[in-house]
Amino acid sequence: MLAALAEGTSELRNFAAARDCHSTLACVKSLGADVKVNGSTVHVTGRGLRGLKSSRRTLDAENSGTTIRLLSGILSGQTFTTKITGDASLQKRPMKRVITPLREMGATINGRDDNFPPLEIHGGRLRAVQYQMPMASAQVKSAVLLAGLYADGETAVTEPAATRDHTELALQLFGAPVRKQGRTTSVAGMISGNSRAALRAVSLDVPGDLSSAIFFLAAASLLPGSNLYIRNVGLNPTRSAILDFFSQMGASIRVVDLRGQSGELIGDLSVKGASLEGGQIAGDLVPLLIDELPMLAALGPYTERGVEIRDAGELRVKESDRIAALAENLRRMGAKVEERPDGLRVEGRCAGALRGAEIDPRGDHRIAMAFAIAGLAATGETRILDPACAGVSYPNFFTELRRLSES
């Protein structure tokens with residue numbers, strides 16, 4: 001998205017094959033950016049902050065909540081009207097959380113029931129705001145900061161708990177004036193008056209996704225005798241809390257060759273099989289582990305003390321109701337689960353007792369991958385319905401899992 005707003009051509013290497021990422025490419029291409037894909041390398045020639053054009057068709061974010069929410073921020077500052085929608089799952093996900101602050105900035109946004117896609121966004125002149133976020137959400141924070149590029153003055157977002165900060169780091173890399181103080185992040189508008197401020201094109205290697213690597217870290221931890229080495233993983237501190245939590249559970253994970261690259265930390269991970277204790281995730285830790293919670297819950301029966309998740313009602317409004325999906329499928333495998341409105345408690349010490357079962361991921365990529373890992377240590381065959389849904393974030397997941405299982 002930032003490359004589409006920059007002047008010049010950005011080269012993004014190691015670009016993910018994930019459908020979500022390519023949904024974003026299709027959207028920015030429809031808005032006028034020139035996009036060329038060559039394997040895992042993507043070249044995006046931007047239109048500049050003022051150069052996007054109206055799309056002749058409704059933009060389709062498919063399954064990507066990140067795409068529709070972040071683009072809503074950018075589209076709020078344009079001089080045209082845009083319609084944006086997604087698949088059946090995305091059309092059930094709440095958008096009021098971004099609609100509210102963007103309206104405060106002066107955007108006109110209409111959605112189904114004033115909350116759900118499709119969205120119609122009438123762009124225009126925006127005003128800077130000091131926005132206190134009611135929930136911890138990196139997507140909401142990012143949407144407001146991106147809209148802030150088009151506002152008069154400095155837009156500030158204060159979050160109740162720390163969330164992913166990739167957007168802030170990327171804004172700085174592309175040349176946007178970003179400040180951070182505690183839990184408040186600010187960006188100065190770049191198009192007021194006769195300013196010729198511009199985002200600059202970049203050339204970078206995208207780090208490997210830790211939220212995708214987590215499935216293999218879990219598999220290696222779960223199976224005795226495993227010895228796995230994963231190279232070039234993004235280890236941004238707002239994401240790497242999962243490594244700390246795994247270590248507290250007793251996992252044998254070592255970070256090797258930690259280094260900086262394009263504003264982000266990357267490194268290699270070495271993991272071996274280990275006995276896992278389990279643990280509790282609650283409070284400010286939840287937004288730092290939000291994408292990894294399905295895998296942690298699915299590991300629960302194989303730990304000594306089980307896994308308890310609290311304060312995670314956000315899981316109810318992800319690609320599926322992940323709390324319900326986790327509880328249902330864990331019970332199918334014989335686990336003891338207490339489902340709660342904001343989380344669940346998965347009892348431990350079931351290792352060897354879990355049985356293979358037919359798993360319904362409800363079209364959710366992370367549920368499908370989490371139960372594929374849980375099935376590795378279960379008795380009998382585990383059958384994942386609709387395995388192709390993993391392609392939203394990791395199209396080659398099952399190929400890689402098979403390769404590692406056979407090596």
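The values are calculated or read from the model by the stated rules, or taken from the named source; none is laboratory data. Quick caveat: nothing in here was measured; it's all calculated off a predicted structure. Backbone-built Cβ (ideal geometry, glycine too); neighbour counts: all protein chains shown.
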(request) Considering (1) out of contact with any strand residue (DSSP E or B) (no Cβ under 6 Å at 6 or more places or on another chain); (2) under 16 Å from T167 (Cβ atoms), say which one P101 fails and leave the rest. (result) (1)
(request) With the checklist (1) out of contact with any Ser or Thr (no Cβ under 6 Å at 6 or more places or on another chain); (2) over 30 Å from V307 (Cβ atoms); (3) of a type outside the set (G, A, S); (4) buried (at least 20 other Cβ atoms within 10 Å of the Cβ) in hand, flag the one item P177 doesn't pass. (result) (4)
(message) Could you check the stretch 113-161 and list, in sequence order, the residues that are among the aliphatic types (A, V, I, L, M) and closer than 13 Å to I74 by Cα?
(response) I121, L126, V140, A143, V144, L145, L146, A147, L149, A151
(message) Given the criterion hydrophobic (A, V, I, L, M, F, W, C), outside the structural domain of A377 (by TED's automatic domain parsing) and under 15 Å from the mean Cα position of the chain (by Cα), identify the matching residue among A156, A161, A143.
(response) A143
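Yes/no per residue for (1) part of a helix (DSSP H, G or I); (2) under 24 Å from the mean Cα position of the chain (by Cα); (3) modelled with pLDDT under 95; (4) over 24 Å from S275 (Cβ atoms):
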| position | (1), (2), (3), (4) |
| --- | --- |
| A335 | no, no, no, no |
| E338 | no, no, no, no |
| L344 | no, yes, no, no |
| G352 | no, no, yes, no |
| G363 | no, yes, no, yes |
| A368 | yes, yes, no, yes |
| F371 | yes, yes, no, no |
| A374 | yes, yes, no, no |
| E381 | no, no, no, yes |
(request) Kindly indicate which of L71, L52, L5, L31 is more than 24 Å from the chain's Cα centre (by Cα) and either under 20 Å from L145 (Cβ atoms) or of a type in the set (G, A, S) (or both). (result) L52
(message) Can you find, within the stretch 180-190, the residue that is farthest from the chain's Cα centre (by Cα) among those that are surrounded by fewer than 20 Cβ atoms within 10 Å (Cβ to Cβ) and not in a strand (DSSP E or B)?
(response) G182
(message) Please determine whether any residue of the stretch 70-89 is without any contact (Cβ under 8 Å) to a residue 12 or more places away in the chain, more than 20 Å from G189 (Cβ to Cβ), of a type in the set (A, V, I, L, M) and assigned by TED's automatic domain parsing to the domain that holds L171.
(response) yes
(message) Give me the residue from the stretch 15-25 that is surrounded by 15 or more Cβ atoms within 10 Å (Cβ to Cβ) and out of contact with any Phe, Trp or Tyr (no Cβ under 7 Å at 6 or more places or on another chain) and, out of that set, nearest to L70 (Cα to Cα).
(response) T24
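The rows are residues; the columns are (1) surrounded by fewer than 21 Cβ atoms within 10 Å (Cβ to Cβ); (2) more than 18 Å from the chain's Cα centre (by Cα).
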site: R239; (1), (2): no, no
site: F246; (1), (2): no, yes
site: Q261; (1), (2): yes, yes
site: P294; (1), (2): no, no
site: R310; (1), (2): yes, yes
(message) Condition first: at pLDDT 95 or above, out of contact with any Lys or Arg (no Cβ under 7 Å at 6 or more places or on another chain) and not in a helix (DSSP H, G or I). Can you find one or more residues in the stretch 322-329 that meet it?
(response) no
(message) For a quick check of your reading of the model, give me the residue pairs whose first member lies in the stretch 152-164 and is within 13 Å of T238 (Cα to Cα), whose second is surrounded by fewer than 15 Cβ atoms within 10 Å (Cβ to Cβ), with beta-carbon atoms closer than 6 Å and at least 6 apart or on different chains.
(response) A161/D284
(request) Could you list all residues from the stretch 222-275 that are touching a Phe, Trp or Tyr at 6+ places or on another chain (Cβ under 8 Å) and either over 25 Å from R164 (Cα atoms) or free of Cβ contacts under 8 Å to residues at least 12 places away in the same chain (or both)? (result) L222, L228
(request) For R254, work out the one condition from (1) surrounded by fewer than 16 Cβ atoms within 10 Å (Cβ to Cβ); (2) in a loop (DSSP other than H, G, I, E, B) it doesn't fulfil. (result) (2)
(request) Read through the list (1) touching an Asp or Glu at 6+ places or on another chain (Cβ under 6 Å); (2) surrounded by fewer than 16 Cβ atoms within 10 Å (Cβ to Cβ); (3) in contact (Cβ under 8 Å) with a residue 40 or more places away in the chain, then give the number of the only condition that G348 fails. (result) (2)
(request) Scan the stretch 132-146 and give yes if some residue there is out of contact with any Asp or Glu (no Cβ under 7 Å at 6 or more places or on another chain), part of a strand (DSSP E or B), touching a residue at least 24 places away in the same chain (Cβ under 8 Å) and hydrophobic (A, V, I, L, M, F, W, C), otherwise no. (result) no
(request) Answer yes if at least one residue in the stretch 356-364 is touching a residue at least 60 places away in the same chain (Cβ under 8 Å) and surrounded by fewer than 21 Cβ atoms within 10 Å (Cβ to Cβ), and no otherwise. (result) yes
(request) Check I84 against each of (1) outside any helix (DSSP H, G or I); (2) over 21 Å from K141 (Cα atoms) and name the one condition it does not meet. (result) (2)
